[in-house]
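The values are calculated or read from the model by the stated rules, or taken from the named source; none is laboratory data. Since this is a predicted model, take the numbers as computed values, not measurements. Don't worry about glycine lacking a Cβ; one is built from the backbone with ideal geometry, like all the others, and counts go over all protein chains shown. Note: accessible area is taken over every heavy atom of the protein model, side chains too, but ligands, DNA and RNA are not part of it. Shrake-Rupley method; radii C 1.70, N 1.55, O 1.52, S 1.80 Å.
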Amino acid sequence: MKKKNKTYTVTQLNKMMMRDDLTLWELVDACSFIDICDCYEPMFYPPKEQEDEWCRMHGEYEPEPTVENTSFYVTEPDGTKYFYCGNTRTRVSEFFSPSGKTMDTLIENVVRFAAGKTVSA
(Lines give C-alpha, C1' and ligand atoms only; values in the text may rest on other atoms or scores of the structure.)
Protein backbone atom coordinates (compact mmCIF):
# COMPACT_ATOMS: atom_id res chain seq x y z
CA MET A 1 0.00 0.00 0.00
CA LYS A 2 1.36 3.41 -1.05
CA LYS A 3 1.63 6.00 1.68
CA LYS A 4 0.13 9.44 1.19
CA ASN A 5 2.59 12.28 0.47
CA LYS A 6 2.94 14.92 3.13
CA THR A 7 2.56 18.60 2.22
CA TYR A 8 5.48 20.81 3.24
CA THR A 9 5.84 24.56 3.60
CA VAL A 10 8.41 26.49 1.59
CA THR A 11 10.59 26.88 4.68
CA GLN A 12 10.50 23.14 5.35
CA LEU A 13 11.42 22.38 1.73
CA ASN A 14 14.30 24.88 1.85
CA LYS A 15 15.67 23.23 5.00
CA MET A 16 15.37 19.80 3.39
CA MET A 17 17.36 21.01 0.35
CA MET A 18 20.22 22.03 2.65
CA ARG A 19 20.45 18.64 4.34
CA ASP A 20 23.16 16.25 3.18
CA ASP A 21 21.54 13.06 4.47
CA LEU A 22 18.57 13.08 2.02
CA THR A 23 18.82 11.43 -1.38
CA LEU A 24 17.67 13.05 -4.60
CA TRP A 25 14.63 10.78 -4.75
CA GLU A 26 13.59 11.71 -1.22
CA LEU A 27 13.69 15.39 -2.24
CA VAL A 28 11.72 14.66 -5.41
CA ASP A 29 9.14 12.75 -3.35
CA ALA A 30 8.92 15.63 -0.86
CA CYS A 31 8.16 18.06 -3.73
CA SER A 32 5.73 15.76 -5.54
CA PHE A 33 2.65 17.51 -4.12
CA ILE A 34 3.54 20.69 -6.07
CA ASP A 35 1.50 21.00 -9.26
CA ILE A 36 3.90 22.55 -11.78
CA CYS A 37 1.10 23.17 -14.31
CA ASP A 38 -0.60 25.45 -11.79
CA CYS A 39 2.26 27.92 -12.27
CA TYR A 40 1.31 28.50 -15.91
CA GLU A 41 -2.45 28.87 -15.69
CA PRO A 42 -3.68 32.33 -14.77
CA MET A 43 -5.84 32.39 -11.67
CA PHE A 44 -7.43 35.68 -12.74
CA TYR A 45 -7.88 37.70 -15.86
CA PRO A 46 -5.61 40.75 -15.93
CA PRO A 47 -7.00 44.21 -16.71
CA LYS A 48 -7.46 45.07 -20.39
CA GLU A 49 -4.70 47.70 -20.18
CA GLN A 50 -2.25 45.05 -18.93
CA GLU A 51 -3.17 42.65 -21.74
CA ASP A 52 -2.66 45.46 -24.27
CA GLU A 53 0.76 46.22 -22.80
CA TRP A 54 1.79 42.56 -23.04
CA CYS A 55 0.62 42.43 -26.65
CA ARG A 56 2.61 45.58 -27.47
CA MET A 57 5.71 44.06 -25.85
CA HIS A 58 5.39 40.94 -28.02
CA GLY A 59 4.59 42.84 -31.22
CA GLU A 60 1.07 41.41 -31.38
CA TYR A 61 -0.70 44.70 -30.83
CA GLU A 62 -2.25 46.69 -33.63
CA PRO A 63 -3.50 50.01 -32.27
CA GLU A 64 -6.99 51.28 -32.94
CA PRO A 65 -6.79 53.49 -36.06
CA THR A 66 -7.17 57.17 -35.16
CA VAL A 67 -6.36 60.43 -36.92
CA GLU A 68 -3.17 60.69 -34.83
CA ASN A 69 -1.72 57.32 -35.86
CA THR A 70 -2.98 57.17 -39.49
CA SER A 71 -2.36 60.70 -40.78
CA PHE A 72 0.76 62.53 -41.98
CA TYR A 73 1.90 65.33 -44.28
CA VAL A 74 4.05 64.88 -47.40
CA THR A 75 5.72 67.61 -49.41
CA GLU A 76 6.26 66.65 -53.05
CA PRO A 77 9.46 67.65 -54.89
CA ASP A 78 7.54 70.45 -56.66
CA GLY A 79 6.61 71.96 -53.24
CA THR A 80 2.98 70.81 -53.19
CA LYS A 81 1.97 69.65 -49.72
CA TYR A 82 -0.48 66.75 -49.20
CA PHE A 83 -2.24 65.48 -46.10
CA TYR A 84 -2.73 61.70 -45.96
CA CYS A 85 -5.27 60.10 -43.64
CA GLY A 86 -5.86 56.39 -44.20
CA ASN A 87 -6.48 55.96 -47.94
CA THR A 88 -7.39 59.62 -48.52
CA ARG A 89 -5.00 62.22 -49.94
CA THR A 90 -5.89 65.92 -49.68
CA ARG A 91 -3.93 68.77 -51.24
CA VAL A 92 -3.13 71.39 -48.63
CA SER A 93 -3.61 74.88 -50.00
CA GLU A 94 -4.10 77.01 -46.86
CA PHE A 95 -2.65 77.17 -43.37
CA PHE A 96 -3.29 79.22 -40.28
CA SER A 97 -0.65 81.89 -40.16
CA PRO A 98 1.65 81.56 -37.15
CA SER A 99 1.31 85.30 -36.54
CA GLY A 100 -2.45 85.38 -37.27
CA LYS A 101 -5.50 85.11 -35.03
CA THR A 102 -5.79 82.20 -32.63
CA MET A 103 -8.44 79.51 -32.97
CA ASP A 104 -10.22 80.86 -29.88
CA THR A 105 -10.51 84.31 -31.47
CA LEU A 106 -11.81 82.86 -34.74
CA ILE A 107 -14.47 80.79 -32.95
CA GLU A 108 -15.49 83.81 -30.90
CA ASN A 109 -15.91 85.84 -34.10
CA VAL A 110 -18.03 83.08 -35.69
CA VAL A 111 -20.28 82.92 -32.62
CA ARG A 112 -20.71 86.71 -32.57
CA PHE A 113 -21.46 86.74 -36.29
CA ALA A 114 -24.04 83.94 -35.92
CA ALA A 115 -25.61 85.64 -32.89
CA GLY A 116 -26.03 88.86 -34.85
CA LYS A 117 -28.03 87.04 -37.56
CA THR A 118 -30.65 85.66 -35.16
CA VAL A 119 -33.72 87.56 -34.02
CA SER A 120 -34.38 87.39 -30.30
CA ALA A 121 -37.96 87.08 -29.04
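Each peptide in 68-76, 18-26 gets a packing score, the mean of other Cβ atoms within 10 Å over its residues, and the list from highest to lowest is 68-76, 18-26.
Full extension from GLU49 to ALA115: what is 0.36 nm times the residue separation minus their Cα-Cα distance, to one decimal in nm? Numbers along the way, then the final one.
Working: separation 66, 0.36 × 66 = 23.76 nm, distance 4.51 nm.
Computed gain between GLU49 and ALA115 is 19.2 nm.
What does the charge add up to near GLU60, with Lys and Arg as +1, Asp and Glu as -1, over the other residues with Cβ less than 14 Å from its Cβ?
Numbers: positive: ARG56; negative: GLU51, ASP52, GLU53, GLU62.
My count for the surroundings of GLU60 gives -3.
Of the residues PHE95, PHE83, the one with the largest accessible area comes first in the ranking PHE95, PHE83, computed with a 1.4 Å probe on protein heavy atoms. Ranking THR90, THR75, MET17 by Cα position along the charge dipole of the chain, where only Lys, Arg, Asp and Glu carry charges on their C-beta atoms, puts THR90 farthest toward the positive end.
Using a 1.4 angstrom probe, figure out how much accessible area the range 48-121 has per residue, in square angstrom, rounded to the nearest whole.
On the way: 6880 Å² over 74 residues.
Here the residues of the range 48-121 average 93 Å² of exposed surface.
Each label was represented as a point 7 Å from its Cα along the Cα-to-Cβ direction; for SER71 and SER32 these points are 6.7 nm apart.
Could you check which residue among ASP104, ASP78, ASP52 shows the biggest mean-square fluctuation in a GNM of the chain with a 10 Å Cα cutoff? In this elastic network of the chain, the residue with the biggest mean-square fluctuation among ASP104, ASP78, ASP52 is ASP104.
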